[in-house]
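Okay, structure first, notes after.
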Amino acid sequence: MTDSWAAFGADLHIEPVGPGLRSGLTAALREAVRSGRLPPGTRLPSSRTLAADLGTARNTVADAYADLVAEGWLTARQGSGTRVARRAPVARRSGAGTAPAPRVRRRPVHNLLPGSPDLSGFPRAEWLKAARRALTDAPHEAFGYGDPQGRVELRTVLAEYLARARGVYAAPERIVVCAGFVHGLSLLGRVLRRRGVREAAVESYGLDIHRDLLTGAGLRTPPLPVDGLGARTEELAGMRGAGAVLMTPAHQFPTGVPLHADRRAAAVDWARSRSGLILEDDYDGEFRYDRQPVGALQGLDPERVVYLGTASKSLAPGLRLAWMVLPEQWVAEVLEAKGGAEWMPASPDQLTLAEFIASGAYDRHVRSMRLRYRRRRDALVAALAERAPDVRVSGIAAGLHAVLELPPGTERSVVQAATWQGLAVQGLSRFRHPDLASGPEGLVIGYGSPAESAWAGALDALCRVLP
Ligand SMILES: Cc1ncc(COP(=O)(O)O)c(C=O)c1O
(Lines give C-alpha, C1' and ligand atoms only; values in the text may rest on other atoms or scores of the structure.)
Protein backbone atom coordinates (compact mmCIF):
# COMPACT_ATOMS: atom_id res chain seq x y z
CA MET A 1 0.00 0.00 0.00
CA THR A 2 2.95 2.35 0.67
CA ASP A 3 3.68 2.68 -3.00
CA SER A 4 0.11 3.49 -3.92
CA TRP A 5 -0.80 6.80 -5.46
CA ALA A 6 -2.88 7.68 -2.44
CA ALA A 7 0.10 7.34 -0.13
CA PHE A 8 2.31 9.08 -2.64
CA GLY A 9 -0.18 11.91 -2.97
CA ALA A 10 1.27 12.92 -6.31
CA ASP A 11 -1.32 15.40 -7.54
CA LEU A 12 1.39 17.50 -9.15
CA HIS A 13 2.38 14.80 -11.54
CA ILE A 14 -0.95 14.52 -13.16
CA GLU A 15 -1.50 18.10 -14.08
CA PRO A 16 -2.11 17.80 -17.82
CA VAL A 17 -0.06 20.18 -19.98
CA GLY A 18 -0.74 21.40 -23.50
CA PRO A 19 -3.92 21.60 -25.52
CA GLY A 20 -5.24 18.02 -25.76
CA LEU A 21 -6.28 16.30 -22.54
CA ARG A 22 -5.05 12.86 -23.53
CA SER A 23 -1.72 14.10 -24.90
CA GLY A 24 -1.38 16.56 -21.99
CA LEU A 25 -1.94 13.84 -19.45
CA THR A 26 0.47 11.50 -21.23
CA ALA A 27 3.13 14.23 -21.29
CA ALA A 28 2.63 15.06 -17.61
CA LEU A 29 2.91 11.42 -16.57
CA ARG A 30 5.91 10.81 -18.79
CA GLU A 31 7.64 13.83 -17.28
CA ALA A 32 6.86 12.65 -13.77
CA VAL A 33 8.49 9.27 -14.50
CA ARG A 34 11.40 10.79 -16.39
CA SER A 35 12.21 13.19 -13.55
CA GLY A 36 12.15 10.36 -11.02
CA ARG A 37 9.26 11.85 -9.10
CA LEU A 38 7.29 8.71 -9.78
CA PRO A 39 9.92 6.09 -8.95
CA PRO A 40 10.06 2.67 -10.66
CA GLY A 41 7.47 0.30 -9.25
CA THR A 42 5.05 3.05 -8.15
CA ARG A 43 1.50 1.90 -8.55
CA LEU A 44 -0.71 4.41 -10.31
CA PRO A 45 -4.34 4.95 -9.38
CA SER A 46 -6.92 3.10 -11.38
CA SER A 47 -8.09 4.91 -14.49
CA ARG A 48 -11.48 5.30 -12.84
CA THR A 49 -10.03 7.01 -9.73
CA LEU A 50 -7.69 9.29 -11.63
CA ALA A 51 -10.44 10.19 -14.09
CA ALA A 52 -12.71 11.12 -11.19
CA ASP A 53 -10.02 13.31 -9.61
CA LEU A 54 -9.22 15.02 -12.90
CA GLY A 55 -12.83 15.35 -13.85
CA THR A 56 -12.30 13.64 -17.16
CA ALA A 57 -13.56 10.56 -18.96
CA ARG A 58 -12.15 7.25 -17.83
CA ASN A 59 -11.17 6.43 -21.41
CA THR A 60 -8.92 9.49 -21.59
CA VAL A 61 -6.88 8.19 -18.66
CA ALA A 62 -6.96 4.61 -19.93
CA ASP A 63 -5.68 5.80 -23.33
CA ALA A 64 -2.89 7.84 -21.73
CA TYR A 65 -1.84 4.80 -19.67
CA ALA A 66 -1.93 2.62 -22.79
CA ASP A 67 0.30 5.08 -24.69
CA LEU A 68 2.85 5.04 -21.88
CA VAL A 69 2.75 1.26 -21.60
CA ALA A 70 3.44 1.08 -25.34
CA GLU A 71 6.36 3.49 -24.91
CA GLY A 72 7.79 1.42 -22.06
CA TRP A 73 7.32 3.96 -19.27
CA LEU A 74 4.58 1.97 -17.54
CA THR A 75 3.63 -1.65 -17.17
CA ALA A 76 0.15 -3.05 -16.85
CA ARG A 77 -0.44 -6.49 -15.36
CA GLN A 78 -3.64 -8.22 -14.48
CA GLY A 79 -4.04 -8.07 -10.73
CA SER A 80 -1.26 -5.60 -9.96
CA GLY A 81 -2.58 -2.61 -11.85
CA THR A 82 -0.55 -0.04 -13.72
CA ARG A 83 2.94 0.69 -12.41
CA VAL A 84 5.98 2.69 -13.37
CA ALA A 85 8.23 0.30 -15.30
CA ARG A 86 11.23 -1.01 -13.36
CA ARG A 87 13.57 -0.12 -16.17
CA ALA A 88 12.09 3.32 -16.82
CA PRO A 89 14.94 5.83 -17.06
CA VAL A 90 15.21 8.22 -14.12
CA ALA A 91 16.29 11.84 -14.28
CA ARG A 92 19.84 12.57 -15.15
CA ARG A 93 21.64 14.73 -12.66
CA SER A 94 22.34 18.24 -13.86
CA GLY A 95 25.96 19.29 -14.27
CA ALA A 96 26.98 16.02 -15.89
CA GLY A 97 27.31 17.60 -19.32
CA THR A 98 23.82 16.60 -20.35
CA ALA A 99 21.05 18.82 -21.57
CA PRO A 100 19.16 20.27 -18.59
CA ALA A 101 15.90 18.55 -17.74
CA PRO A 102 12.88 20.57 -18.79
CA ARG A 103 11.81 22.92 -16.00
CA VAL A 104 8.73 21.70 -14.18
CA ARG A 105 6.58 24.50 -12.78
CA ARG A 106 6.97 24.45 -8.99
CA ARG A 107 3.57 24.00 -7.44
CA PRO A 108 2.64 22.52 -4.11
CA VAL A 109 2.14 18.78 -4.31
CA HIS A 110 -0.32 18.76 -1.42
CA ASN A 111 -3.02 21.32 -0.96
CA LEU A 112 -4.17 21.80 2.61
CA LEU A 113 -5.28 25.40 2.22
CA PRO A 114 -8.60 26.17 3.87
CA GLY A 115 -11.49 27.44 1.78
CA SER A 116 -12.28 24.68 -0.67
CA PRO A 117 -14.35 21.53 -0.53
CA ASP A 118 -13.08 18.35 -2.19
CA LEU A 119 -13.82 19.26 -5.78
CA SER A 120 -13.49 15.63 -6.85
CA GLY A 121 -16.63 14.99 -4.79
CA PHE A 122 -18.85 17.23 -6.91
CA PRO A 123 -22.00 15.20 -7.65
CA ARG A 124 -21.75 15.42 -11.42
CA ALA A 125 -24.29 12.76 -12.30
CA GLU A 126 -26.95 14.04 -9.89
CA TRP A 127 -26.32 17.63 -10.92
CA LEU A 128 -26.72 16.68 -14.58
CA LYS A 129 -29.95 14.87 -13.81
CA ALA A 130 -31.26 17.92 -11.97
CA ALA A 131 -30.17 20.20 -14.82
CA ARG A 132 -31.94 18.02 -17.37
CA ARG A 133 -35.16 18.01 -15.37
CA ALA A 134 -34.96 21.72 -14.58
CA LEU A 135 -34.30 22.76 -18.16
CA THR A 136 -36.93 20.43 -19.56
CA ASP A 137 -39.56 21.97 -17.30
CA ALA A 138 -38.37 25.60 -17.48
CA PRO A 139 -40.70 28.11 -19.13
CA HIS A 140 -39.28 30.13 -22.04
CA GLU A 141 -39.01 33.22 -19.87
CA ALA A 142 -36.44 31.45 -17.73
CA PHE A 143 -33.92 32.18 -20.48
CA GLY A 144 -34.58 35.91 -20.34
CA TYR A 145 -32.73 38.51 -18.23
CA GLY A 146 -34.35 37.30 -15.07
CA ASP A 147 -35.44 38.65 -11.73
CA PRO A 148 -32.59 40.45 -9.88
CA GLN A 149 -33.91 38.86 -6.69
CA GLY A 150 -33.29 35.39 -8.11
CA ARG A 151 -35.56 32.72 -9.59
CA VAL A 152 -38.69 32.28 -7.51
CA GLU A 153 -38.37 28.49 -7.86
CA LEU A 154 -35.00 28.62 -6.09
CA ARG A 155 -36.11 31.08 -3.44
CA THR A 156 -39.14 28.93 -2.64
CA VAL A 157 -37.10 25.77 -2.24
CA LEU A 158 -34.39 27.57 -0.26
CA ALA A 159 -36.96 29.00 2.15
CA GLU A 160 -38.18 25.51 2.95
CA TYR A 161 -34.68 24.01 3.16
CA LEU A 162 -33.19 26.76 5.34
CA ALA A 163 -36.10 26.63 7.77
CA ARG A 164 -35.85 22.85 8.03
CA ALA A 165 -32.07 22.39 8.10
CA ARG A 166 -30.78 25.61 9.67
CA GLY A 167 -33.67 27.03 11.66
CA VAL A 168 -33.75 30.15 9.50
CA TYR A 169 -36.92 32.20 9.48
CA ALA A 170 -37.20 32.42 5.73
CA ALA A 171 -39.84 33.39 3.22
CA PRO A 172 -39.15 33.51 -0.53
CA GLU A 173 -39.82 37.27 -0.58
CA ARG A 174 -36.97 37.88 1.89
CA ILE A 175 -34.41 35.92 -0.07
CA VAL A 176 -32.02 37.45 -2.57
CA VAL A 177 -29.89 35.11 -4.63
CA CYS A 178 -26.34 36.30 -5.20
CA ALA A 179 -23.15 35.24 -6.94
CA GLY A 180 -21.30 33.98 -3.89
CA PHE A 181 -21.15 35.21 -0.31
CA VAL A 182 -18.72 37.92 -1.40
CA HIS A 183 -21.34 39.38 -3.71
CA GLY A 184 -23.93 39.48 -0.93
CA LEU A 185 -21.46 41.06 1.45
CA SER A 186 -20.47 43.80 -0.96
CA LEU A 187 -24.14 44.63 -1.59
CA LEU A 188 -24.81 44.82 2.12
CA GLY A 189 -21.72 46.99 2.62
CA ARG A 190 -23.06 49.46 0.06
CA VAL A 191 -26.53 49.54 1.59
CA LEU A 192 -25.14 50.00 5.11
CA ARG A 193 -23.07 52.92 3.90
CA ARG A 194 -26.08 54.47 2.14
CA ARG A 195 -27.95 54.18 5.38
CA GLY A 196 -25.26 56.22 7.07
CA VAL A 197 -23.42 53.40 8.86
CA ARG A 198 -19.70 54.12 9.14
CA GLU A 199 -18.40 51.05 10.96
CA ALA A 200 -19.01 47.34 10.65
CA ALA A 201 -17.20 45.31 13.30
CA VAL A 202 -15.55 42.10 12.12
CA GLU A 203 -14.27 39.15 14.12
CA SER A 204 -10.62 39.58 15.08
CA TYR A 205 -9.88 36.42 13.08
CA GLY A 206 -11.34 36.13 9.61
CA LEU A 207 -10.72 36.56 5.91
CA ASP A 208 -9.05 39.74 4.69
CA ILE A 209 -11.04 39.59 1.45
CA HIS A 210 -14.26 40.00 3.43
CA ARG A 211 -12.85 42.88 5.45
CA ASP A 212 -11.64 44.49 2.24
CA LEU A 213 -15.11 44.32 0.70
CA LEU A 214 -16.52 46.25 3.62
CA THR A 215 -13.74 48.84 3.62
CA GLY A 216 -14.19 49.08 -0.16
CA ALA A 217 -17.79 50.09 0.51
CA GLY A 218 -16.52 52.93 2.73
CA LEU A 219 -16.90 51.25 6.14
CA ARG A 220 -14.33 51.05 8.90
CA THR A 221 -13.90 47.50 10.20
CA PRO A 222 -12.76 47.47 13.83
CA PRO A 223 -11.96 44.04 15.32
CA LEU A 224 -14.31 42.29 17.71
CA PRO A 225 -12.11 39.99 19.81
CA VAL A 226 -12.56 36.23 19.49
CA ASP A 227 -11.79 33.70 22.23
CA GLY A 228 -12.67 30.11 23.08
CA LEU A 229 -16.40 30.95 23.21
CA GLY A 230 -16.49 32.75 19.88
CA ALA A 231 -16.77 36.49 19.28
CA ARG A 232 -16.95 38.60 22.46
CA THR A 233 -20.26 40.12 21.47
CA GLU A 234 -20.72 41.72 24.90
CA GLU A 235 -18.02 44.16 23.76
CA LEU A 236 -20.19 45.44 20.91
CA ALA A 237 -21.92 47.75 23.38
CA GLY A 238 -18.62 49.58 23.86
CA MET A 239 -17.96 49.94 20.12
CA ARG A 240 -19.82 53.21 19.81
CA GLY A 241 -19.49 53.68 16.07
CA ALA A 242 -20.46 50.16 14.98
CA GLY A 243 -23.77 49.87 13.12
CA ALA A 244 -23.22 46.31 11.95
CA VAL A 245 -21.16 43.24 12.76
CA LEU A 246 -19.99 40.41 10.51
CA MET A 247 -19.85 37.06 12.30
CA THR A 248 -19.52 33.30 11.77
CA PRO A 249 -21.66 32.06 14.71
CA ALA A 250 -21.99 28.36 13.85
CA HIS A 251 -18.26 27.78 13.38
CA GLN A 252 -15.96 30.75 13.82
CA PHE A 253 -13.66 31.11 10.83
CA PRO A 254 -10.93 30.13 11.19
CA THR A 255 -10.64 29.35 14.93
CA GLY A 256 -13.40 26.74 14.74
CA VAL A 257 -15.48 27.48 17.85
CA PRO A 258 -19.25 28.00 17.92
CA LEU A 259 -20.67 31.17 19.44
CA HIS A 260 -21.67 30.55 23.06
CA ALA A 261 -25.39 30.84 23.84
CA ASP A 262 -24.86 33.90 26.09
CA ARG A 263 -22.92 35.58 23.32
CA ARG A 264 -25.63 34.83 20.80
CA ALA A 265 -28.09 36.55 23.12
CA ALA A 266 -25.68 39.48 23.66
CA ALA A 267 -25.32 39.97 19.92
CA VAL A 268 -29.07 40.14 19.42
CA ASP A 269 -29.50 42.43 22.44
CA TRP A 270 -26.90 44.78 20.99
CA ALA A 271 -28.59 44.80 17.57
CA ARG A 272 -31.98 45.55 19.12
CA SER A 273 -30.77 48.29 21.41
CA ARG A 274 -28.63 50.04 18.79
CA SER A 275 -30.67 49.30 15.66
CA GLY A 276 -27.61 47.39 14.55
CA LEU A 277 -27.43 44.71 11.89
CA ILE A 278 -25.80 41.30 12.32
CA LEU A 279 -24.40 39.72 9.16
CA GLU A 280 -24.40 35.98 9.82
CA ASP A 281 -21.94 34.12 7.58
CA ASP A 282 -23.13 30.49 7.68
CA TYR A 283 -20.48 29.23 5.28
CA ASP A 284 -20.25 25.62 6.51
CA GLY A 285 -23.26 25.25 8.82
CA GLU A 286 -24.25 21.86 7.37
CA PHE A 287 -21.00 20.24 8.41
CA ARG A 288 -21.06 19.36 12.07
CA TYR A 289 -19.90 15.87 13.05
CA ASP A 290 -20.43 15.45 16.77
CA ARG A 291 -24.05 16.58 17.05
CA GLN A 292 -26.84 18.36 15.22
CA PRO A 293 -25.64 21.76 14.06
CA VAL A 294 -26.74 24.70 16.20
CA GLY A 295 -29.52 26.60 14.42
CA ALA A 296 -28.83 29.89 12.72
CA LEU A 297 -28.63 33.02 14.84
CA GLN A 298 -31.07 34.62 12.39
CA GLY A 299 -33.86 32.53 13.92
CA LEU A 300 -33.53 34.62 17.12
CA ASP A 301 -34.37 37.88 15.37
CA PRO A 302 -35.01 37.87 11.62
CA GLU A 303 -35.40 41.67 11.59
CA ARG A 304 -31.92 42.26 13.01
CA VAL A 305 -29.92 39.46 11.39
CA VAL A 306 -29.11 38.89 7.72
CA TYR A 307 -28.47 35.22 7.09
CA LEU A 308 -25.92 34.50 4.35
CA GLY A 309 -25.51 31.00 2.96
CA THR A 310 -23.49 29.64 0.06
CA ALA A 311 -23.08 26.54 -2.08
CA SER A 312 -19.31 27.07 -2.08
CA LYS A 313 -18.58 24.55 0.70
CA SER A 314 -21.53 22.21 0.34
CA LEU A 315 -21.23 21.85 -3.47
CA ALA A 316 -18.55 23.87 -5.23
CA PRO A 317 -17.32 27.47 -5.23
CA GLY A 318 -17.26 27.46 -9.03
CA LEU A 319 -21.05 27.55 -9.07
CA ARG A 320 -21.04 31.05 -7.55
CA LEU A 321 -24.42 30.39 -5.96
CA ALA A 322 -25.30 31.96 -2.63
CA TRP A 323 -28.28 33.50 -0.89
CA MET A 324 -29.20 36.11 1.67
CA VAL A 325 -32.26 36.08 3.89
CA LEU A 326 -32.94 39.71 4.69
CA PRO A 327 -34.99 41.61 7.23
CA GLU A 328 -38.17 42.65 5.47
CA GLN A 329 -37.14 46.33 5.60
CA TRP A 330 -33.93 45.66 3.73
CA VAL A 331 -35.15 43.78 0.67
CA ALA A 332 -36.08 46.78 -1.49
CA GLU A 333 -32.86 48.65 -0.71
CA VAL A 334 -30.66 45.66 -1.43
CA LEU A 335 -32.46 45.12 -4.73
CA GLU A 336 -32.07 48.78 -5.56
CA ALA A 337 -28.33 48.58 -4.84
CA LYS A 338 -28.19 45.51 -7.00
CA GLY A 339 -30.04 47.04 -9.93
CA GLY A 340 -30.52 45.18 -13.17
CA ALA A 341 -26.92 45.30 -14.30
CA GLU A 342 -25.31 43.33 -11.45
CA TRP A 343 -23.74 39.94 -11.87
CA MET A 344 -26.00 37.06 -11.07
CA PRO A 345 -25.77 33.29 -11.19
CA ALA A 346 -27.23 32.09 -14.49
CA SER A 347 -30.95 31.24 -14.37
CA PRO A 348 -30.41 27.67 -15.61
CA ASP A 349 -27.99 27.10 -12.71
CA GLN A 350 -30.46 28.58 -10.25
CA LEU A 351 -33.17 26.29 -11.57
CA THR A 352 -30.81 23.33 -11.40
CA LEU A 353 -30.00 24.06 -7.76
CA ALA A 354 -33.71 24.40 -7.00
CA GLU A 355 -34.37 21.00 -8.54
CA PHE A 356 -31.28 19.52 -6.87
CA ILE A 357 -32.53 20.59 -3.44
CA ALA A 358 -36.20 19.74 -4.07
CA SER A 359 -35.35 16.22 -5.25
CA GLY A 360 -33.46 15.43 -2.05
CA ALA A 361 -30.13 15.19 -3.89
CA TYR A 362 -28.69 18.11 -1.90
CA ASP A 363 -29.42 16.42 1.44
CA ARG A 364 -27.93 13.17 0.18
CA HIS A 365 -24.83 14.92 -1.10
CA VAL A 366 -24.32 16.85 2.13
CA ARG A 367 -24.72 13.63 4.14
CA SER A 368 -22.18 11.80 2.04
CA MET A 369 -19.64 14.65 2.11
CA ARG A 370 -20.20 15.01 5.84
CA LEU A 371 -19.09 11.43 6.25
CA ARG A 372 -16.06 11.99 4.03
CA TYR A 373 -14.91 15.10 5.91
CA ARG A 374 -15.64 13.58 9.26
CA ARG A 375 -13.42 10.62 8.44
CA ARG A 376 -10.68 12.97 7.38
CA ARG A 377 -10.93 14.99 10.56
CA ASP A 378 -10.84 11.80 12.63
CA ALA A 379 -7.79 10.63 10.67
CA LEU A 380 -6.11 13.98 11.23
CA VAL A 381 -6.72 13.87 14.98
CA ALA A 382 -5.53 10.25 15.20
CA ALA A 383 -2.41 10.88 13.10
CA LEU A 384 -1.45 13.88 15.22
CA ALA A 385 -1.94 11.95 18.46
CA GLU A 386 0.47 9.33 17.17
CA ARG A 387 3.01 11.35 15.22
CA ALA A 388 2.87 14.88 16.65
CA PRO A 389 1.50 14.50 20.18
CA ASP A 390 2.47 18.04 21.16
CA VAL A 391 0.20 19.55 18.53
CA ARG A 392 -3.42 19.99 19.57
CA VAL A 393 -6.40 20.36 17.25
CA SER A 394 -8.61 23.14 18.55
CA GLY A 395 -12.24 23.89 17.78
CA ILE A 396 -15.25 21.63 17.39
CA ALA A 397 -15.66 18.62 15.11
CA ALA A 398 -17.15 20.54 12.21
CA GLY A 399 -16.46 22.11 8.87
CA LEU A 400 -13.70 21.50 6.36
CA HIS A 401 -10.78 22.92 8.25
CA ALA A 402 -9.11 22.72 11.65
CA VAL A 403 -6.62 24.80 13.58
CA LEU A 404 -3.50 23.02 14.84
CA GLU A 405 -2.11 24.92 17.80
CA LEU A 406 1.65 25.47 17.65
CA PRO A 407 4.10 26.49 20.37
CA PRO A 408 4.85 30.26 20.36
CA GLY A 409 7.56 31.26 17.94
CA THR A 410 7.24 28.24 15.66
CA GLU A 411 4.48 29.08 13.17
CA ARG A 412 6.70 30.80 10.64
CA SER A 413 9.28 28.03 10.50
CA VAL A 414 6.61 25.32 10.27
CA VAL A 415 4.88 27.09 7.36
CA GLN A 416 8.28 27.49 5.69
CA ALA A 417 9.18 23.83 6.22
CA ALA A 418 5.79 22.85 4.80
CA THR A 419 6.39 24.96 1.69
CA TRP A 420 9.74 23.28 1.14
CA GLN A 421 8.03 19.92 1.38
CA GLY A 422 5.53 20.93 -1.30
CA LEU A 423 2.74 21.33 1.22
CA ALA A 424 0.44 24.36 0.89
CA VAL A 425 -0.78 25.46 4.34
CA GLN A 426 -1.57 28.76 5.99
CA GLY A 427 -0.57 30.03 9.41
CA LEU A 428 -3.21 31.25 11.83
CA SER A 429 -1.58 34.70 11.97
CA ARG A 430 -2.52 35.21 8.31
CA PHE A 431 -6.16 35.53 9.45
CA ARG A 432 -5.50 37.95 12.30
CA HIS A 433 -6.99 41.43 12.06
CA PRO A 434 -4.25 43.98 11.25
CA ASP A 435 -5.06 45.99 14.40
CA LEU A 436 -3.93 43.06 16.59
CA ALA A 437 -0.21 43.02 17.22
CA SER A 438 0.03 39.38 18.23
CA GLY A 439 -1.96 36.26 19.01
CA PRO A 440 -1.75 32.49 19.28
CA GLU A 441 0.21 30.58 16.66
CA GLY A 442 -1.05 27.69 14.62
CA LEU A 443 -1.78 26.19 11.24
CA VAL A 444 -5.18 26.38 9.55
CA ILE A 445 -5.53 23.04 7.81
CA GLY A 446 -8.10 22.67 5.05
CA TYR A 447 -8.59 18.92 5.26
CA GLY A 448 -11.52 19.24 2.86
CA SER A 449 -9.38 20.49 0.00
CA PRO A 450 -7.46 17.45 -1.32
CA ALA A 451 -9.05 15.01 -3.70
CA GLU A 452 -9.91 11.73 -1.98
CA SER A 453 -6.95 9.95 -3.56
CA ALA A 454 -4.48 12.63 -2.42
CA TRP A 455 -5.66 12.98 1.18
CA ALA A 456 -3.54 10.21 2.74
CA GLY A 457 -0.38 11.59 1.13
CA ALA A 458 -1.21 15.11 2.25
CA LEU A 459 -1.77 14.00 5.84
CA ASP A 460 1.49 12.05 5.84
CA ALA A 461 3.38 15.08 4.49
CA LEU A 462 1.77 17.30 7.13
CA CYS A 463 2.83 15.01 9.98
CA ARG A 464 6.39 15.09 8.68
CA VAL A 465 6.68 18.87 9.01
CA LEU A 466 5.07 19.25 12.43
CA PRO A 467 7.26 19.77 15.49
C1 LIG B 1 -15.54 32.23 6.16
C2 LIG B 1 -16.11 32.06 4.78
N3 LIG B 1 -17.24 32.67 4.48
C4 LIG B 1 -17.81 32.52 3.26
C5 LIG B 1 -17.24 31.75 2.30
C6 LIG B 1 -17.94 31.57 0.97
O7 LIG B 1 -17.62 32.53 0.07
P8 LIG B 1 -18.23 32.47 -1.41
O9 LIG B 1 -19.67 32.09 -1.32
O10 LIG B 1 -18.03 33.86 -1.93
O11 LIG B 1 -17.45 31.45 -2.18
C12 LIG B 1 -16.05 31.11 2.56
C13 LIG B 1 -15.42 30.30 1.51
O14 LIG B 1 -14.28 29.99 1.52
C15 LIG B 1 -15.47 31.27 3.83
O16 LIG B 1 -14.32 30.66 4.16
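The values are calculated or read from the model by the stated rules, or taken from the named source; none is laboratory data. In this text, all values refer to a predicted model and were calculated from it rather than measured experimentally. A quick note on method: Cβ atoms are made from the backbone with ideal geometry, for glycine too, and the neighbour counts reach across all protein chains shown. Heavy atoms of the whole protein, side chains included, go into the accessibility calculation; ligands, DNA and RNA do not. Shrake-Rupley method; radii C 1.70, N 1.55, O 1.52, S 1.80 Å.
For the range 342-356, backbone phi angles converted through the Karplus equation (6.51, -1.76, 1.60; θ = phi - 60°) give residue-by-residue couplings of 6, 5, 7, x, 4, 4, x, 5, 5, 5, 5, 5, 4, 5, 4 Hz, Gly and Pro being listed as x.
Apolar share of the accessible surface for the range 217-318: 51 percent from carbon plus sulfur atoms, 1.4 Å probe. Using the Karplus relation 6.51 cos²θ - 1.76 cosθ + 1.60 with θ = phi - 60°, the per-residue 3J(HN,Hα) values for the range 419-431 come to 4, 4, 8, x, 10, 8, 9, 10, x, 4, 4, 4, 9 Hz, with x marking Gly and Pro.
Between GLU452 and ASP269, the modelled label-to-label distance comes to 4.8 nm, taking each label 7 Å out from Cα in the direction of the beta carbon.
Its relative contact order, with pairs defined as Cα atoms under 8 Å and 6+ residues apart, puts the chain at 21 percent. In order along the range 116-123, phi translates into HN-Hα couplings of 10, x, 6, 5, 6, x, 4, x Hz, rounded to whole numbers, per the Karplus curve 6.51 cos²θ - 1.76 cosθ + 1.60 with θ = phi - 60° and x for Gly and Pro. Backbone amide hydrogens, once placed in the peptide plane, bring VAL305 within less than 5 Å of ILE278, excluding anything fewer than 5 places away on its chain. Measure nothing fancy, just the Cα-based angle from helix 152-166's long axis to the longest principal axis of the chain, in degrees from 0 to 90, nearest 10. Around 90 degrees separate the two axes. The H on the amide N of THR82, modeled in the peptide plane, is under 5 Å from the matching H of LEU44, each at least 5 residues off or on a different chain. Dipole magnitude for the chain: about 1560 debye, using +1 per Lys or Arg Cβ and -1 per Asp or Glu Cβ, origin at the Cα centre.
Compared with the direct C-alpha span, the chain from SER80 to ARG240 gains 50.8 nm at full extension, assuming 0.36 nm per residue. In the chain, the longest principal axis of the Cα atoms and the axis of helix 58-71 are about 30 degrees apart.
What shape does the range 108-229 have by the C-alpha gyration tensor, where a ≥ b ≥ c are the square roots of the eigenvalues, rounded means a/c under 1.5, and otherwise prolate means a/b greater than b/c and oblate the rest? Oblate is the answer for the range 108-229, as a/c is 1.5 or above yet b/c matches or exceeds a/b. The residues of the chain expose on average 45 square angstrom of accessible surface per residue, using a 1.4 Å probe on protein heavy atoms. For the chain, the mean residue ellipticity at 222 nm estimated from helices alone is -12000 deg cm²/dmol, where every DSSP H run of n ≥ 4 contributes -39500 (n - 2.57) and the total is divided by all residues, rounded to the nearest 500. Once both labels are positioned 7 Å from their Cα atoms along Cα-to-Cβ, the gap between GLN421 and ALA437 label points is 3.3 nm.
Put simply, the amide H of GLY442, placed in the peptide plane, has neighbours under 5 Å in LEU406, LEU428, SER429, leaving out anything fewer than 5 places away on its chain. From largest to smallest, the equivalent ellipsoid semi-axes obtained for the range 315-371 from the alpha-carbon gyration tensor read 27, 14, 11 Å. Bridge orientation summary for the chain: considering DSSP beta bridges with both residues in this region, about 60 percent are antiparallel.
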